[in-house]
Amino acid sequence: MNADGRTRLNQTSEWTALAKHREELGDVQLRELFAADSGRGSGYTLRVGDLYVDYSKHLVTDDTLRLLRELAAATDVFGLRDAMFRGERINTTEDRAVLHTALRAPRDAVVEVDGENVVPRVHAVLDKMTEFADRVRSGEWTGHTGKRIRNIVNIGIGGSDLGPAMAYEVLRAYTDRSMTFRFVSNVDGSDLHEAVRDLDPAQTLFIVASKTFTTIETVTNATSARGWLLEALGDDAAVAKHFVALSTNAEKVAAFGIDTANMFEFWDWVGGRYSYDSAIGLSLMIAIGPDRFREMLDGFRIVDEHFRTAPAEANVPLLLGLLGIWYGNFHDAQSHAVLPYSHYLSKFTAYLQQLDMESNGKYVGRDGREVEWQTGPVVWGTPGTNGQHAYYQLIHQGTKLIPADFIGFARPVAELSDELKAQHDLLMANFFAQTQALAFGKTPDEVRAEGVPEELVPHKTFRGNHPTTTILAPELTPSVLGQLVALYEHKVFVQGAVWNIDSFDQWGVELGKVLAKRVEPALTEGAEVEGLDASTKALVAAYRELRGR
Ligand code: F6P
């Protein structure tokens, strides 16, 4: 029994029933499942918003799905979901509400935190962002010398970088092509160097994005960016026209030297990895314009409403979360691939890595006890078809079970030439071919029938039975991006709820930060630093020698 009165997850009857069911299914084959049910291909599908979600190529039966839903009911996933939407402090280790859903609530909605409706504040910031974005886009907001702003450099890391950087890339076809957008995150000086080396400081606006405004990488890069700007413009007053901040921490923003009139606020109930639809999205809003940004928020809201109201059998985030649990906890899968068939989604999986792995990479439960079950998977992947010519070999014929999401679009973006649009069918032919090959493989007899010599038959055989979800949308629009992101946000939520972990803290990143601060003087000054282990000591000595110190 847990401190919170819950039976330990792996001792519940629902868990045990799933384990037994898994044994009974044995190595059930997708070929068999499809042969037994001619309606499976269209029956095992759901829709949410513009997304058509096919889960037929999963190693599940109706019974599996029912048992998984029973596990969700036993762990009160929907109860926790409702508490989240109500603004309760479900992030218990930080004693915070979790209300990224309020960031896309309509103007007339009421979402209360400690008795205060936060929706008017959300819309006040959105309005302020809109006004600012319009001024920058129209050229009304000028730099210190009166020149128009042409370059936007977002400086942030983690959630203050990955979201806007990903979404900018995804929605490139909707961006103002006369402007340049760069995203600097790495404390490696080369990141900032490459981002600004060809830019005119008089036409460059830095957006310093940091929820806490204490993050060493961001503060360091922002300080260097200010140095770069002032060296060129030679007047401290220039900062006011070339720096704005996105933060929850007005005090630190002011201490850095940015006028808080140029600060766009968000709140402690928005987690960093859930924040790019808050003020953190300012660079994106400047790129695509406020109307498109709001379309994206509408997309988020479609999936929020679906997650909040759809019954368990039709609830897509619930389904995706439970499928992940089926593989992670009952098939020992260690990783999950997300494979988008759109070049614009090249940063999507990297974004999901933080969303998923920072949320659910935990071995301690909400009750403070170590879990006795697997939690978050390793999330990885890059756009098809590139991956096909690199690592798909291992997915097809390796020894690991890797469930994968395939994300594709029916239409190419409107901007492409007719010739390039014509390539879209080839791209999508690969998309459909891969999930077919992964699911059904190729039997030795099929290989032999092609006249393959016997000694090569095992090599050319595909066992298949690799599970995939296919997510198909009509076109990559701002709304569809919002829908996709909200889908994964809620999927991660479902898994954290079942595993009984706090998906909204990230204490695991703290130790490295503290140690880096401690080690730095050893590198720069050769200081005798207490508490360095023997290996690190030797490495520091080698570093100093190589560095010529
Ligand atoms: O160290 C991890 C983290 O706190 C992330 O959760 C967060 O997105 C990132 O650092 C950046 O934090 P901030 O926005 O406060 O600079």
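Highest mean first, how do 155-166, 466-477 rank when packing is the count of other Cβ atoms within 10 Å averaged over residues? Walk me through the intermediate numbers first.
Values: 155-166: 26.3, 466-477: 20.8.
Answer by packing, highest mean first, reads 155-166, 466-477.
Over segment 1-158, what is the relative contact order in percent, taking alpha-carbon pairs closer than 8 angstrom and at least six residues apart? Present the calculation step by step, with values, prior to reporting the outcome.
On the way: 108 pairs, mean separation 16.7, N = 158.
Normalised by residue count, the contact order of segment 1-158 is 11 percent.
In nm, what is the difference between 0.36 nm times the number of residues separating Asp63 and Ala422 and their Cα-Cα distance?
Working: separation 359, 0.36 × 359 = 129.24 nm, distance 4.24 nm.
The span from Asp63 to Ala422 would gain 125.0 nm if fully extended.
Rounded to two decimals, what is Rg over Rh for segment 208-357 when you use alpha-carbon atoms and the Kirkwood radius?
On the way: Rg = 19.9 Å, Rh = 18.6 Å.
Reported Rg/Rh (Cα atoms, Kirkwood Rh): 1.07.
I'd like to verify something in the chain: which complete DSSP H helices, judged by Cα projection on the helix axis, reach 27 Å or more and average at least 0.5 on the Kyte-Doolittle scale?
On the way: long enough: 119-138 (28 Å, -0.27); 290-309 (28 Å, -0.93); 478-499 (32 Å, 0.72).
In the chain, the long hydrophobic H runs are 478-499.
Once the Cβ-Cβ distance between Val514 and Val110 is put in as r, and R0 is 35 Å, what FRET efficiency do you end up with, to the nearest 0.05?
Working: r = 41 Å, r/R0 = 1.16.
Rounded to the nearest 0.05, the efficiency is 0.30.
Quick one: go through segment 34-66 and flag any residue whose amide nitrogen is under 18 Å from the point 7 Å out along the Cα-to-Cβ line of Ala410.
Backbone N within reach: 42-55.
Provide the packing ranking of 400-408, 173-181, i.e. peptides ordered by the mean count of other C-beta atoms within 10 Å per residue, highest first. Please list the in-between numbers first.
On the way: 400-408: 21.6, 173-181: 15.9.
Peptide ranking by packing, descending: 400-408, 173-181.
Given a 1.4 Å probe, how much area per residue of segment 129-225 is accessible, in Å²?
On the way: 3570 Å² over 97 residues.
I get 37 Å² per residue for segment 129-225.
Is it possible to state the helix-based mean residue ellipticity at 222 nm for the chain, with each DSSP H run of 4+ residues giving -39500 (n - 2.57), the sum divided by total residues, to the nearest 500 deg cm²/dmol? What is it?
Numbers: 23 runs with 249 residues, N = 549.
Dividing the helical sum by the residues of the chain leaves -13500 deg cm²/dmol.
Could you sort the peptides 363-371, 506-514 by per-residue average Cβ neighbour count (10 Å cutoff), highest mean leading? Don't jump to the answer; show the numbers that get you there.
Details: 363-371: 15.9, 506-514: 11.7.
Going by the mean number of other Cβ atoms within 10 Å, highest first, we get 363-371, 506-514.
Can you check what the net charge comes to around Gln334, using other residues whose Cβ is under 15 Å from the Cβ of Gln334 (Lys, Arg +1; Asp, Glu -1)?
Details: positive: Lys400; negative: Asp332, Asp356.
The answer is -1.
What percent of all Cα-Cα pairs in segment 101-288 falls into each 5 Å bin, going from 0 up to the bin containing the maximum distance?
1, 8, 17, 21, 22, 16, 8, 4, 2, 0
Report, to two decimal places, the Cα Rg of the chain normalised by 2.2 N^0.38 Å (N = number of residues). Walk me through the intermediate numbers first.
Numbers: Rg = 25.2 Å, N = 549, 2.2 N^0.38 = 24.2 Å.
That ratio works out to 1.04.
Any number yet on Rg/Rh for segment 50-91, C-alpha, Kirkwood?
Working: Rg = 14.2 Å, Rh = 12.5 Å.
Rg/Rh: 1.14.
Once both labels are modelled 7 Å past Cα along the beta-carbon direction, what's the His123-Ala17 spacing in nm?
The modelled label-to-label distance comes out at 4.5 nm.
According to a simple spin-label model (label point 7 Å from Cα along Cα-to-Cβ), what is the distance in nm between Asp134 and Leu401?
With each label point 7 Å from Cα toward Cβ, the separation is 5.5 nm.
Could you please state how large a percent of the accessible area of the chain is carbon and sulfur, counting protein chains only and using a 1.4 Å probe?
Working: 12090 of 23760 Å².
For the chain, the apolar C and S fraction of the accessible surface comes to 51 percent.
Roughly speaking, what is the stretch gain from Asp198 to Ala538, that is 0.36 nm per residue apart minus the C-alpha to C-alpha distance, in nm to one decimal? Numbers along the way, then the final one.
On the way: separation 340, 0.36 × 340 = 122.40 nm, distance 3.95 nm.
Result: 118.5 nm gained on full extension.
Subtract the Cα-Cα distance of Glu528 and Tyr363 from 0.36 nm times their separation in residues, and report this length gain in nm to one decimal. Could you put the intermediate results ahead of the total?
On the way: separation 165, 0.36 × 165 = 59.40 nm, distance 3.41 nm.
Here the answer is 56.0 nm.
Work out the P(r) tail for segment 309-392: percent of alpha carbon pairs separated by more than 17 Å, whole number.
59 percent
The values are calculated or read from the model by the stated rules, or taken from the named source; none is laboratory data. None of the values given here were measured: they were computed from a predicted structure. Virtual Cβ from ideal backbone geometry, glycine too; neighbours counted across all protein chains shown. Just the protein is used for accessible areas: all its heavy atoms, side chains included, with ligands, DNA and RNA removed. Shrake-Rupley method; radii C 1.70, N 1.55, O 1.52, S 1.80 Å.
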